[in-house]
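Taken together, the values in this text are just the output of simple stated rules run on the coordinates, not laboratory data. Note that the coordinates shown come from a computational prediction; the quantities given were computed from them, not determined experimentally. Don't worry about glycine lacking a Cβ; one is built from the backbone with ideal geometry, like all the others, and counts go over all protein chains shown.
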Amino acid sequence: MSIRHRLTGDDGAGGMLALTVAAGALAFSLVALTFFSVIPAKARTNAAADSAAIAAAESASIQSAAQSCDIAAEAATLNRATLLGCEVVGDEATVTVGREIFTTMFSVTARAAVPRSTPQTSTANGAIPTEDLIVISYPGVRSDPPVYLRADAAAALVQMLDAYHSQTGNYLPVDEGYRDLAAQQRVFDEYGWPRAAIPGTSNHGQAVAVDFVNPPVVRGAPPHAWLTDNAAQFGFEPLTDPDEPWHWDYTR
Ligand SMILES: [Zn+2]
């Protein structure tokens, strides 16, 4: 008896069994297909909603609300979804997108807003806007270009200059205050470290350092001796490392 013959002989029952198995497998496949397709499809709908909302929000500050919603619709289409709703208020967009999965429409609502950086005063070394600083207007102080200092350092310096003038009848000559990064780079290129601070680290970049003209503000000279005796009460300390008798830092 050949194998073929045996199979032929079993034909009836074997056929029924095969049909049942096939039907079961088909049913299982459909369930599995549905299960494994719906989940990613829903995830894609979420993603479509997110991208549409983000697209609308990103364009909200430069486009009208209607134009932002057109962009959201395009983003939804690119993700094979349909824009069902869109509302843009300020920089915030709320969108609803739909996607048909096995004849059922799934819809997802997403909201996005783009954070806007609020203009902030920079206090980064060498990057302080001069409009945030004070111009020192006083006899003996360089006026062109002007000397800028942080407001508290400026007030303290003027008090100190006043005190010097009332006690000596002379004026302390000042020729440097705030120095931006580019200016500090020029000084650094000219003098090198340690005579010049590395750009981004100088107290001149914080608008709290003052350079008096030297001479006369050199060690042993009367103006320097006066500063040594009096500067501390106004909040100024000498720079000693490296030794720069003309350079004083406001340290309060
Ligand atoms: Zn200096």
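Tabulated data for the structure shown
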read-out: Using θ = phi - 60° and Karplus 6.51 cos²θ - 1.76 cosθ + 1.60, couplings along region 55-62 (whole Hz; Gly, Pro as x); value: 4, 5, 5, 5, 8, 4, 7, 10
read-out: S122 versus Y191: modelled label distance in nm, points set 7 Å from Cα along the beta carbon direction; value: 2.3 nm
read-out: Ranked S202, S64, S166, criterion: other C-beta atoms within 10 Å, fewest first; value: S166, S64, S202
read-out: Neighbour-count order for D152, D243, D249, fewest beta carbons within 10 angstrom listed first; value: D243, D152, D249
read-out: Model label zone, T130; criterion: amide N under 18 Å from point 7 Å along Cα-to-beta-carbon; scope region 163-195; value: 174-187
read-out: Label-point separation in nm, I62 to A43, each point 7 Å along Cα→Cβ; value: 3.3 nm
read-out: Net length gained if the chain between A151 and T228 were fully extended (0.36 nm per residue, minus Cα distance); value: 25.4 nm
read-out: Fewest-first ranking of T103, T45, T109, using other Cβ atoms within 10 Å as the exposure measure; value: T103, T109, T45
read-out: Prolate/oblate/rounded label for region 130-250 (Cα gyration tensor, a/c 1.5); value: oblate
read-out: Relative contact order of region 130-250, pairs being alpha-carbon contacts under 8 Å that are 6 or more residues apart, as %; value: 23 percent
